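**Student:** Mind looking over this structure? Questions follow.
The values are calculated or read from the model by the stated rules, or taken from the named source; none is laboratory data. What you see is a predicted model, and the numbers here were worked out from it, not measured in a lab. Note that we place each Cβ from the backbone using ideal geometry, even for glycine, and neighbour counts take in every protein chain shown. What goes into the accessible areas is simple: the full protein's heavy atoms, side chains included, and nothing from ligands, DNA or RNA. Shrake-Rupley method; radii C 1.70, N 1.55, O 1.52, S 1.80 Å.
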Amino acid sequence: MRHYYEKDSLMTHYFHTGMAEGKWNHMMAQTRIGYTYWQQPEFNVVPKTERVSVLSGAQPDMQVEGHGAVYSSESDRLPEFDVFNQPSYYLELFNKGDQSFKYRLTSKQKWVKFSSAKGSIDDQKRIYVSIDWDQAPVGLNEAVVNVKAGKRSMDVKLSAWNPSEAQKAAISGFVETRGYVSMESSNYSRVNETDAISWLVIPDIGRTLDGMVAQPYRVEEQVAGEGPSIEYELYLRTPGTVKVHAYFSPTLNYPGGEGLHYGISFDDDAPVVINAHADASDNAWYQKVGNSIMVHTSEHSIESAGQHTLKYHMVSPGLVLQKIVVDTGGLKNTYLGPEESFKK
């Protein structure tokens, strides 16, 4: 690192004094090395570095997908498998030592499959775990994968959801998996309009797809539950309290007053009305503009698992809805929000 830092300073000196007889002197004088946040440092500094020493012998370790830390009793479970998405998840085997080691993956459940069941690792290897859905039993089933790596033995837990054919036939709309349902706004089940107000799809305005906005922009505020709405059919496996995160294009409170409002409800419940401009602080606005999104959350009670209808109610004109995410307890923080759930 220091070698390249010094090389940069010599290149800068030549650019200022040697090239074209100094014609471009001072053109590269701005400090540019050693940034730790958005503002430039007062002068170039060598970035902080650490030296990592390779351990002696074979030193196997592993990371389980879905966890930021290496394998432990707190990070020993893969995300849930389901028959609709049929995902594969990885186990990252790696070596912290200077000698290779052999590995072997086994499971008592024969419906658990591996991209590589055995082999040898010098540095690291990513092995994918998947499910043979033709062999997987019906219901929510548990399995254990045993990973033997060198002298280590590590057990990884997993679960696989495979509803019966009758259950699959009864499911309609977006399906909850891994503790959430994610829905792009334009992939609705139904829209409800009035003689004066309709819904417009704005293609590709969203960070991940489209946007939905009520038209025209200049109309009176509506009573949630009595005006236009958008409906999304979904299948929830987890009853209880859920959080609904609504993603909007950032907008000022341009009409004035108390802010722009919208409503969320499930089935025939009364809508919960949310003020998108309840936080009028400068910092809130910086976050909305900087991330090009504003996310607002409401809580709702789901009495039973099964088929439900989420309704987004237009109250104030001007809000552009991009995405709706229902968190039933498993949602993890991601910058763009989770990818859209499977829709049947």
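**Student:** Can you tell me which condition L140 does not meet? The list is (1) more than 30 Å from S304 (Cβ to Cβ); (2) free of Cβ contacts under 8 Å to residues at least 40 places away in the same chain; (3) in contact with a strand residue (DSSP E or B) (Cβ under 9 Å, 6 or more places away or on another chain), and all the others hold.
**Tutor:** All conditions pass for L140, except number (1).
**Student:** Checking G150 against (1) without any contact (Cβ under 8 Å) to a residue 40 or more places away in the chain; (2) on the phi > 0 side of the Ramachandran plot; (3) among the small types (G, A, S): exactly one of these is not met. Which one?
**Tutor:** It is condition (1) that G150 fails.
**Student:** So, in the stretch 290-305, how many residues would count as being open to solvent by 40 Å² or more (accessible area, probe 1.4 Å) and either in a strand (DSSP E or B) or of a type outside the set (D, E) (or both)?
**Tutor:** Quick first cut of the stretch 290-305, residues open to solvent by 40 Å² or more (accessible area, probe 1.4 Å) only: 290-292, 295, 297, 299, 301, 303-305.
So of that shortlist, the ones also either in a strand (DSSP E or B) or of a type outside the set (D, E) (or both) come out as 290-292, 295, 297, 299, 301, 304-305.
Adding up the residues that qualify gives 9.
For (1) part of a strand (DSSP E or B); (2) open to solvent by 30 Å² or more (accessible area, probe 1.4 Å); (3) in contact (Cβ under 8 Å) with a residue 40 or more places away in the chain, each residue gets a yes or a no:
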{"residue": "K288", "(1), (2), (3)": "no, no, no"}
{"residue": "Q307", "(1), (2), (3)": "yes, yes, yes"}
{"residue": "L310", "(1), (2), (3)": "yes, no, yes"}
{"residue": "L319", "(1), (2), (3)": "no, no, yes"}
{"residue": "V325", "(1), (2), (3)": "yes, no, yes"}
{"residue": "P338", "(1), (2), (3)": "no, no, yes"}
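**Student:** Here is a list of conditions, (1) within 21 Å of T208 (Cβ to Cβ); (2) of a type in the set (A, V, I, L, M, F, W, C); (3) open to solvent by 30 Å² or more (accessible area, probe 1.4 Å); (4) not in a helix (DSSP H, G or I), and V244 meets all of them except one; can you say which number that is?
**Tutor:** (3)
**Student:** Checking the condition open to solvent by 80 Å² or more (accessible area, probe 1.4 Å), part of a loop (DSSP other than H, G, I, E, B) and either on the phi < 0 side of the Ramachandran plot or of a type in the set (F, W, Y) (or both), which residue from T49, T31 passes?
**Tutor:** Values: T31 fails: open to solvent by 80 Å² or more (accessible area, probe 1.4 Å).
Exactly one of T49, T31 is open to solvent by 80 Å² or more (accessible area, probe 1.4 Å), part of a loop (DSSP other than H, G, I, E, B) and either on the phi < 0 side of the Ramachandran plot or of a type in the set (F, W, Y) (or both), namely T49.
**Student:** Considering only residues that are over 26 Å from the mean Cα position of the chain (by Cα) and either within 22 Å of D327 (Cβ to Cβ) or not in a strand (DSSP E or B) (or both), which ones fall in the stretch 181-202?
**Tutor:** E193, T194, D195, A196, I197 - these are the residues of the stretch 181-202 that are over 26 Å from the mean Cα position of the chain (by Cα) and either within 22 Å of D327 (Cβ to Cβ) or not in a strand (DSSP E or B) (or both).
**Student:** Would you confirm whether any residue within the stretch 189-203 is in contact (Cβ under 8 Å) with a residue 24 or more places away in the chain and within 25 Å of Y335 (Cα to Cα)?
**Tutor:** From the stretch 189-203, those in contact (Cβ under 8 Å) with a residue 24 or more places away in the chain are 189-194, 197-199, 202; that's our starting set.
Checking the rest, the ones that are also within 25 Å of Y335 (Cα to Cα) come to 202.
Scanning the stretch 189-203 turns up at least one residue that is in contact (Cβ under 8 Å) with a residue 24 or more places away in the chain and within 25 Å of Y335 (Cα to Cα).
**Student:** Out of everything in the stretch 1-28 that is of a type in the set (A, V, I, L, M), at negative phi and over 41 Å from the mean Cα position of the chain (by Cα), what residue ends up being least open to solvent (accessible area, probe 1.4 Å)?
**Tutor:** For the stretch 1-28, the residue satisfying everything is M19.
**Student:** Report, by residue number, each residue of the stretch 160-181 that is among the polar types (S, T, N, Q) and either in contact with a Gly (Cβ under 6 Å, 6 or more places away or on another chain) or buried (at least 21 other Cβ atoms within 10 Å of the Cβ) (or both). Steps first, please.
**Tutor:** The initial filter retains those residues of the stretch 160-181 that are among the polar types (S, T, N, Q), namely 162, 164, 167, 172, 177.
Matches in the stretch 160-181: T177 only.
**Student:** So which strands (runs of 3 or more DSSP E) stay within the stretch 97-180 end to end and still have 1 or more residues that are over 17 Å from P87 (Cα atoms) and modelled with pLDDT of 95 or more? So that I can check it myself, show each step before the final result.
**Tutor:** Values: elements: 101-106, 112-114, 118-121, 124-131, 139-149, 152-162.
Because the criterion is at least 1 residues that are over 17 Å from P87 (Cα atoms) and modelled with pLDDT of 95 or more, the strands (runs of 3 or more DSSP E) in the stretch 97-180 that meet it are 101-106, 118-121, 124-131, 139-149, 152-162.
**Student:** With the requirement that a residue be under 22 Å from L93 (Cβ atoms) and surrounded by 18 or more Cβ atoms within 10 Å (Cβ to Cβ), what does the stretch 126-159 give you?
**Tutor:** I127, V129, I131, A143, V145, V147, A149, G150, M154, V156, L158
Matching residues to (1) open to solvent by 70 Å² or more (accessible area, probe 1.4 Å); (2) of a type in the set (A, V, I, L, M); (3) modelled with pLDDT under 95; (4) touching a Pro at 6+ places or on another chain (Cβ under 7 Å):
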position: E184; (1), (2), (3), (4): no, no, no, no
position: Y188; (1), (2), (3), (4): yes, no, no, no
position: I205; (1), (2), (3), (4): yes, yes, no, no
position: T208; (1), (2), (3), (4): no, no, no, no
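**Student:** Could you check the stretch 210-227 and list, in sequence order, the residues that are open to solvent by 60 Å² or more (accessible area, probe 1.4 Å) and either under 27 Å from the mean Cα position of the chain (by Cα) or hydrophobic (A, V, I, L, M, F, W, C) (or both)?
**Tutor:** V223, the sole residue that qualifies.
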